[in-house]
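Asker: Take a look at this one; I'll ask things after.
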Amino acid sequence: MHVIFVLSSVTYALKSQELLKKENIYASLIRSPAVKAVKGCGYGIMLDAEYETDARYILHDAGINILGTLYD
């Protein structure tokens, strides 16, 4: 199972991907209609659901707001 974090811009999505990579959490940058339905920009990152809690803490500590969460 995967979790998708909806972010406010492609810049935040790329920054989030790099931050998580440093913590050995692999995340894919995605742009999809499902993400766009939650927030108009349509960008997010997808990662294994088992890392959801850790990823949320990492992004929160870096000041990155998650606008929405989808599950795949």
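No lab work stands behind these numbers, since they all come straight from the coordinates. This one's a predicted model, so the numbers in the text were calculated from it and none came from an experiment. Here Cβ is always computed from backbone atoms with ideal geometry, including for glycine, and neighbour counts include all displayed protein chains.
Asker: Run the dipole for the range 2-71 about the Cα centre, Lys and Arg Cβ at +1, Asp and Glu Cβ at -1, nothing else charged, and hand back the magnitude in debye, nearest 20.
Answerer: Values: 7 positive and 7 negative charges, 77 e Å.
Around 360 debye, computed over the range 2-71.
Asker: Follow-up question, since we're still on this one. Over the chain, what number does the Rg to Rh ratio reach, with both radii from the alpha-carbon atoms and Rh per Kirkwood? It would help to have the intermediate numbers written out before the result.
Answerer: Values: Rg = 10.6 Å, Rh = 11.6 Å.
On the Cα set of the chain, Rg over Rh gives 0.91.
Asker: Additional query: Mind pulling the angle between the C-alpha long axis of helix 10-22 and the longest principal axis of the chain? Nearest 10 degrees, somewhere in 0 to 90.
Answerer: On a 0 to 90 degree scale, this one is about 20.
Asker: Right, next: I'd like the orientation of helix 52-61 relative to the chain: the angle between its Cα long axis and the longest Cα principal axis, in ° from 0 to 90, rounded to 10.
Answerer: Helix 52-61 and the main axis of the chain meet at about 90 degrees.
Asker: While we're here: Taking other Cβ within 10 Å of each residue's Cβ, how do Leu70, Leu7 sort, fewest first?
Answerer: Working: Leu70 17, Leu7 26.
So the ranking, lowest neighbour count to highest, is Leu70, Leu7.
Asker: Relative contact order for the chain using alpha-carbon pairs under 8 Å, separation at least 6, rounded to a whole percent? Before the final figure, lay out each step's value.
Answerer: Working: 126 pairs, mean separation 35.3, N = 72.
Computed value for the chain: 49 percent relative contact order.
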